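Below is one structure; the comments refer to it alone.
The values are calculated or read from the model by the stated rules, or taken from the named source; none is laboratory data. No experiment lies behind these values; they were computed from the predicted model shown. Neighbour counts run over all protein chains shown; Cβ positions are idealised from the backbone, glycine included.
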Amino acid sequence: MELVDGRYQIQGVDVLDICQKFDTPLYVYDAEKMATKLNMLKDAFKGLNLKIKYAAKALTNVSVLKFLRTQGVGLDVVSIQEAHLGLKTGFKPEEILFTPNCVSLEEIKMAVELGLVINIDNISILEQFGHAYGDSVPCCIRINPHLMAGGNANISVGHIDSKFGVSILQARHLLRVIKTNNIKVTGLHMHTGSDILDAEVFLRGADILFDLAQDLPDLEFVDFGSGFRVAYKEGDVTTDIVDLGKKLTVRFKEFCKDYGRELEIWFEPGKFLVSEAGHFLMKTNVIKTTPATVFVGVDSGFNHLIRPMMYDSHHTIFNVSNPNSETTRVYTVVGYICETDTFGWDRKLNEVREGDIIALKNAGAYGFSMASNYNSRFRPAEVLVHNGKAHLIRKRETMDDILRNQVMLDFEAEKAEA
Ligand SMILES: *Cc1c(COP(=O)(O)O)cnc(C)c1O
């Protein structure tokens, strides 16, 4: 979003006009921004045989999936339902990596039926998988290299207490199970969480996977997951993709030479591709002054965007309706949910008036995809700006959506019958 002649725009489309047309609360995504981020990644690894598998759970709208497909990415999915969304939007099964955690063997069998690339993250299921398929269905193994990545404890998944992946400390057991069941391992995978800061952490993980790879002769790819850090506020340190690209390219080439074959390198960015492409737009219902602060009460809440309450994440907030204000004031921006529901404490915003549109940045990833109907509120609508035009890609819900699938029992009739 950029300020042009005193009005906020996305690809030349006026943001207040978008709100007027589609109403608030509203998620707005910029397709051009997604493409830019994707190209950054492609450029950084252009020396290698790179495959990008977009982590669908970050933002699963079918139009976004379809747009990213046109940009040449594959998908990383964590449930059979996400796989179906991917297939529906035209991804080929072999372009989809199925990376679930703690799912049943039945769900993995469904993924095999669909023809997805299977990623297994525990020895128990791997044994059963091997027993069922032998070497007739290849698989990838998710390894936990026990790297301590930065960031929030809830999104760091590589540590020793993590439930994800087969611990690298179990490597010998893992290799025994693979050998005994004649399992064909075509991929090695790690994903250590959402906020890895620097190239060094990736490189340490890479070395661990490269070591293990020497015992697995059928590999076709090594998947480094995601963990790219994105900027949430000014001055945030982000993963230096160019630096990572340079260093990992050198190491990966050396590894392929040792291994004797050129393998593909995979990444599964979610946040990196879509976080900054999204803004969440809300309308100010009320300005409420208390002895402690001035609240901006908006027409949304953690039912629509849970990250600040769940991960303590900081999202930059600004006033779209008053860009030329002479006055900035300190506000606490809160939602309308009947529970503590804060989007941001002590934010300096251009003076906010009731009715003003407030924007929250970095809303593309884990925004709508984590939204709920708590308080029986409708989930927001979604808009994708593409080629200088704002397209509705998800309608606002109605009472029918809230009532769908609920069953209202008729107690009076039951009583009359008795
Ligand atoms: C969630 C997830 C990702 C994406 O993580 P981001 O931080 O959004 O980039 C990648 N791979 C797997 C297996 C995941 O579960």
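For the reader, a short list of remarks on this structure follows.
- Looking at ILE118, ILE125, just one residue is under 21 Å from ALA171 (Cβ atoms), among the β-branched types (Val, Ile, Thr) and assigned to a helix (DSSP H, G or I), and that residue is ILE125.
- Among the numbered conditions (1) within 15 Å of the chain's Cα centre (by Cα); (2) surrounded by fewer than 16 Cβ atoms within 10 Å (Cβ to Cβ), the only one that PRO100 does not meet is (2).
- The listed residues are LYS51, LYS46, LYS42, and the only one of them that is in a helix (DSSP H, G or I) and under 30 Å from ARG251 (Cα atoms) turns out to be LYS42.
- Those residues of the range 99-127 which are within 16 Å of the ligand (Cβ to nearest atom), more than 20 Å from GLY86 (Cα to Cα) and touching a residue at least 24 places away in the same chain (Cβ under 8 Å), in sequence order: CYS102, ASP121, ASN122
- Enumeration of residues in the range 343-398 that are hydroxyl-bearing (Ser, Thr, Tyr) and closer than 18 Å to LYS66 by Cβ: SER369
- Taken over the range 218-239, the residue count meeting the criterion of being more than 16 Å from the ligand (Cβ to nearest atom) and either touching a helix residue (DSSP H, G or I) at 6+ places or on another chain (Cβ under 9 Å) or farther than 30 Å from THR186 by Cα (or both) is 4.
- Residue within the range 219-233 that is within 17 Å of ASN122 (Cβ to Cβ) and hydrophobic (A, V, I, L, M, F, W, C) present: no
- Residues within the range 77-97 that are of a type outside the set (D, E, K, R), surrounded by fewer than 22 Cβ atoms within 10 Å (Cβ to Cβ) and either modelled with pLDDT under 95 or at negative phi (or both), tallied: 9
- Restricting the range 45-59 to residues that are surrounded by fewer than 16 Cβ atoms within 10 Å (Cβ to Cβ) and at pLDDT 95 or above leaves a set whose member that is nearest to VAL112 (Cα to Cα) is ASN49.
- Filter pass, GLU82 being assigned to a helix (DSSP H, G or I) and either away from the ligand (no atom under 13 Å from the Cβ) or more than 18 Å from the chain's Cα centre (by Cα) (or both): no
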